[in-house]
1. Any idea which of (1) among the basic types (Lys, Arg); (2) in contact (Cβ under 8 Å) with a residue 24 or more places away in the chain; (3) closer than 18 Å to residue 114 by Cβ is the one residue 147 doesn't satisfy?
2. Scan the range 196-210 and report the pairs whose first residue is farther than 16 Å from residue 45 by Cα and free of Cβ contacts under 8 Å to residues at least 60 places away in the same chain and whose second residue is part of a loop (DSSP other than H, G, I, E, B) and of a type in the set (Ser, Thr, Tyr), with Cβ atoms within less than 8 Å and a gap of 6+ or a chain change.
3. Tally the residues that are open to solvent by less than 30 Å² (accessible area, probe 1.4 Å) and closer than 26 Å to residue 179 by Cα, restricting the search to the range 206-224.
4. Which condition does residue 145 not pass, out of (1) over 23 Å from residue 55 (Cα atoms); (2) surrounded by 15 or more Cβ atoms within 10 Å (Cβ to Cβ), if it passes all the others?
5. Condition first: surrounded by fewer than 18 Cβ atoms within 10 Å (Cβ to Cβ), among the charged types (D, E, K, R), at pLDDT 95 or above and within 20 Å of residue 59 (Cβ to Cβ). Can you find one or more residues in the range 92-107 that meet it?
6. Could you check, for the range 79-99, whether at least one of its residues is assigned to a loop (DSSP other than H, G, I, E, B) and β-branched (Val, Ile, Thr)?
7. Residue 83: open to solvent by 20 Å² or more (accessible area, probe 1.4 Å) and over 20 Å from the mean Cα position of the chain (by Cα), yes or no?
Amino acid sequence: MRSRRVIYADTYRHRWHRWLFIASGILAVLLLVGWWLQRNPRPDPATYPILGIRLDQTDGVQDFDRLRASKVSFVYLKATEGSSYFDDNFNTNFDQAAGSRLSIGVYHVFSFETTPQAQALQFERKVGSNIGDLPIGIYLSYYSERKPSAAWLTQHLNAFITAIQQQYHRPVLLMGSPDILAKVKPVVPQAPRWIVSDKQPAQKGNFWQYTAGARIPNGPQATYRVAVFMGKRSSFLRLAQ
């Protein structure tokens with residue numbers, strides 16, 4: 001018959017092994033999360049040297065000097081959405097980005113629920129002259145079950161662009177997934193596109209947002225919607241006014 005001391009010793013060893021197994025599992029998860037946050041799926045810098053990010057209110061106020069030091073060349077700031085939304089961090093981020101000498105673009109999230117004229121008025125009222133030096137971005141996405149036809153999108157998007165360009169005389173940049181951008185292919189076909197895709201687009205002269213959440217090497221401790229310009233530096237500089 002085994003003594004009580006041996007039984008307690010076995011129980012202690014079993015508990016120790018169980019806690020060691022749990023601790024090892026937690027450590028493995030933490031290492032995996034760390035790898036996920038530190039990963040850098042950046043396309044080849046030699047081919048696409050011009051790196052940028054797209055920000056909205058969820059990203060908070062940024063340290064643009066540090067981003068620039070991390071070889072970020074441009075930033076697109078969300079300004080408005082529909083006919084009533086305005087990003088709370090827009091003015092602060094715009095002023096600080098301007099001080100860092102980054103190239104700046106601003107973008108509007110296009111709504112299917114309000115008129116193009118009302119949306120243009122909201123953009124003009126809230127953004128004023130703070131439009132940066134890059135083409136004005138217009139972000140398109142299917143944010144609800146409603147998917148307007150290509151004809152509806154083309155008509156309403158053209159009306160919005162006309163109103164914006166009458167005010168600012170600035171080129172535009174259409175932003176979105178390959179699917180929705182294909183629907184508006186006839187709209188300002190000479191304008192560049194901002195393509196949101198995990199697959200490399202074939203078109204040159206566009207912006208490619210290749211991830212919705214990645215660290216900038218040597219940058220702030222945050223993840224960003226990161227993009228590269230798919231063209232030569234001289235082509236990018238021609239976009240900036």
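The values are calculated or read from the model by the stated rules, or taken from the named source; none is laboratory data. All values reported here derive from a predicted model rather than from experimental measurement. Quick reminder, even Gly has a Cβ in these numbers, built from the backbone with ideal geometry, and neighbours come from all protein chains shown. Ligands, DNA and RNA are stripped out before the accessible areas are found, and what is left, the full protein with its side chains, is counted by its heavy atoms. Shrake-Rupley method; radii C 1.70, N 1.55, O 1.52, S 1.80 Å.
1. (2)
2. 196/177; 197/177
3. Looking only at the range 206-224, we keep the residues that are open to solvent by less than 30 Å² (accessible area, probe 1.4 Å), and these are 206-211, 213-216, 219-220, 224.
Keeping just the survivors that are closer than 26 Å to residue 179 by Cα gives 206-211, 213-214, 224.
Final tally of qualifying residues: 9.
4. (2)
5. yes
6. In the first step, residues of the range 79-99 are kept if they are assigned to a loop (DSSP other than H, G, I, E, B); the result is 82-84, 87-89.
Then drop every residue that is not β-branched (Val, Ile, Thr), which leaves none.
Within the range 79-99, none of the residues are assigned to a loop (DSSP other than H, G, I, E, B) and β-branched (Val, Ile, Thr).
7. Values: open to solvent by 20 Å² or more (accessible area, probe 1.4 Å): yes; over 20 Å from the mean Cα position of the chain (by Cα): yes.
Judged against the criteria, residue 83 is a match.
Every residue, every condition in (1) charged (D, E, K, R); (2) surrounded by 20 or more Cβ atoms within 10 Å (Cβ to Cβ), yes or no:
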position: 123; (1), (2): no, yes
position: 178; (1), (2): no, no
position: 199; (1), (2): yes, no
position: 226; (1), (2): no, yes
